[in-house]
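Enquirer: Quick one: this structure, given as structure tokens, is what I'll be asking you about.
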Amino acid sequence: MQWISLVAAVGLCVAQGAASAQAWPAKPVKMIIPLAAGGATDKAARLVAQRLSVALGQQVVAENVTGASGSIALQRLAQAEPDGYTLGATANSLHTIAPHMGKLPYDAFSAFSFVGTYAAFDYVLITAPDAPYKNVAELVERARKNPGTVSYGSSGVGTGNHLAAALFGQLAQADLNSIPYRGGSPAILDVMAGRTDFMFDVVGGAIAQIEGGKVKALGVSGVKRHALLPGVPPIADSVPGYESGGWFALIGPARLPPAIVQRLNTELNRIQASAEFREQLAALGYEPLPGTPADAEKRLKAETLKWGEVIGKLPCTAVPERCATTQ
């Protein structure tokens, strides 16, 4: 009798869980965005939130939570109840790069449920308009002949464009001088003025300066030409094996009910199939990136290994935070 009662109790819990998932959402859903409001990343997340509100029949409320390079927001999400009412819009670098830079208050992989990806972007290598090199091959040649003298700017140590340039130097077998800034704006201003030799910037963010003649584009970071820059070749044409970029994903706390994950993933892919949504992403310099939760996890694991190897080869002077945690 006790065994029968136990089986019945387990069955009741499973049935209640399934019923709860089917009833979801019964109230507004919060979407935490670990980035400042107003930027292209925030705008893409809010596009998803708006369309999910329609698809789910409940308001999806976007909330920007900034600080500590995104870890404050992600810690709040990791500690939330896995009931589907607190989600997050995250960037790949917060899970594939950040763990290698220093200790985080959560596990960047196991603390979350990965619902699916919804946008991707490439970088473009830019220089001053009057820079002496006309293409990537000439830049690499100059860097090899003058070790440590060719400089690149970035938005800060451990950011996506910092690591994109670090990977570039490693694969090109060129000793480059890293100059981190506090944000992308001061970095690109020094590239325009010729105070630093080059930097990687998100295509969507750099397109206005490129079209305005304020900077020169030498190569894009994807394996193929970018729709916004059809005349700019992939860096891999000159540096074999080079590829870098970023993507955004919808996530929740760990142990999010599978039925909720599947519902969200289905709606996320349906949103990306919309021509209007694709046009809105393109205006921000992004491309859709549909797929399954398993696809997102596979991508995450592969890139975590990739960027871990890149960071591991950098000197302590380039990544002081990582070295401080290992001492």
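The values are calculated or read from the model by the stated rules, or taken from the named source; none is laboratory data. Just so it is clear, the structure is predicted and the values come from calculations on it, not from any experiment. Glycine also receives a Cβ, built like all others from the backbone with ideal geometry; neighbour counts cover every protein chain displayed.
Enquirer: Sort out which residues of the range 175-188 are farther than 22 Å from Ala120 by Cα and surrounded by fewer than 15 Cβ atoms within 10 Å (Cβ to Cβ), and write them in order of number. So that I can check it myself, show each step before the final result.
Expert: The first filter runs over the range 175-188 and keeps only residues farther than 22 Å from Ala120 by Cα, leaving 175-182, 186-187.
Hits for the range 175-188 are Asp175, Arg182, Pro186.
Residues checked against (1) touching a Ser or Thr at 6+ places or on another chain (Cβ under 9 Å); (2) of a type outside the set (Ser, Thr, Tyr):
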residue	(1), (2)
Ala236	yes, yes
Gly241	no, yes
Trp247	yes, yes
Pro253	yes, yes
Leu256	yes, yes
Gln262	no, yes
Thr266	no, no
Glu276	no, yes
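Enquirer: Next question, about the same structure. Scan the range 277-286 and tell me whether some residue there is surrounded by fewer than 16 Cβ atoms within 10 Å (Cβ to Cβ), assigned to a helix (DSSP H, G or I), among the small types (Gly, Ala, Ser) and modelled with pLDDT of 95 or more.
Expert: no
Enquirer: Which of (1) modelled with pLDDT under 95; (2) surrounded by 19 or more Cβ atoms within 10 Å (Cβ to Cβ); (3) over 19 Å from the mean Cα position of the chain (by Cα) does Lys313 not meet, given it meets every other one?
Expert: Single failed check for Lys313: (2).
Enquirer: Restricting attention to the range 48-62, does a residue exist that is under 29 Å from Ser178 (Cα atoms) and either of a type in the set (Asp, Glu) or in contact (Cβ under 8 Å) with a residue 24 or more places away in the chain (or both)?
Expert: no
Enquirer: Quick one: which of Leu289, Leu268, Leu300 is assigned by TED's automatic domain parsing to the domain that holds Gly252, at pLDDT 95 or above and within 23 Å of Lys103 (Cα to Cα)?
Expert: None of the others qualify; the one that does is Leu300.
Every residue, every condition in (1) in contact with a Leu (Cβ under 6 Å, 6 or more places away or on another chain); (2) modelled with pLDDT under 95; (3) among the polar types (S, T, N, Q), yes or no:
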position	(1), (2), (3)
Glu138	no, no, no
Arg142	no, no, no
Lys145	no, no, no
Gly169	yes, no, no
Ala174	no, no, no
Gly184	no, yes, no
Ala187	no, yes, no
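Enquirer: Would you confirm, using the coordinates I've provided, whether Arg263 is of a type outside the set (Gly, Ala, Ser), modelled with pLDDT of 95 or more, surrounded by fewer than 16 Cβ atoms within 10 Å (Cβ to Cβ) and within 19 Å of Leu87 (Cβ to Cβ)?
Expert: no
Enquirer: Could you list all residues from the range 120-129 that are outside any loop (DSSP other than H, G, I, E, B) and either in contact with a Gly (Cβ under 9 Å, 6 or more places away or on another chain) or under 18 Å from Leu305 (Cα atoms) (or both)?
Expert: Across the range 120-129, the qualifying residues are Ala120, Phe121, Tyr123, Val124, Leu125, Thr127.
Enquirer: Suppose the filter is in a helix (DSSP H, G or I) and crowded, with 20+ Cβ neighbours inside 10 Å; does Ala49 pass it?
Expert: Against the criterion (in a helix (DSSP H, G or I) and crowded, with 20+ Cβ neighbours inside 10 Å), Ala49 qualifies.
Enquirer: Taking Glu267 as the residue in question, decide whether it is without any contact (Cβ under 8 Å) to a residue 40 or more places away in the chain and out of contact with any strand residue (DSSP E or B) (no Cβ under 9 Å at 6 or more places or on another chain).
Expert: no
Enquirer: In addition: Can you name the number of the only condition in (1) of a type in the set (A, V, I, L, M); (2) over 25 Å from Asn92 (Cα atoms); (3) touching a residue at least 60 places away in the same chain (Cβ under 8 Å) that Ala174 fails?
Expert: Among (1) of a type in the set (A, V, I, L, M); (2) over 25 Å from Asn92 (Cα atoms); (3) touching a residue at least 60 places away in the same chain (Cβ under 8 Å), Ala174 violates only (3).
Enquirer: Let me ask something else. Inspect all residues belonging to the range 150-160 and state whether any of them is among the aliphatic types (A, V, I, L, M) and at pLDDT below 95. Step through it out loud before you land on a result.
Expert: Applying the first criterion (among the aliphatic types (A, V, I, L, M)) to the range 150-160 yields 150, 157.
Then keep just the ones that are at pLDDT below 95; that gives 157.
Yes; the residues of the range 150-160 include at least one that is among the aliphatic types (A, V, I, L, M) and at pLDDT below 95.
Enquirer: Of the residues that make up the range 126-139, is at least one in contact with a Lys or Arg (Cβ under 7 Å, 6 or more places away or on another chain), surrounded by 22 or more Cβ atoms within 10 Å (Cβ to Cβ) and over 30 Å from Arg270 (Cα atoms)?
Expert: Checked the range 126-139: at least one residue is in contact with a Lys or Arg (Cβ under 7 Å, 6 or more places away or on another chain), surrounded by 22 or more Cβ atoms within 10 Å (Cβ to Cβ) and over 30 Å from Arg270 (Cα atoms).
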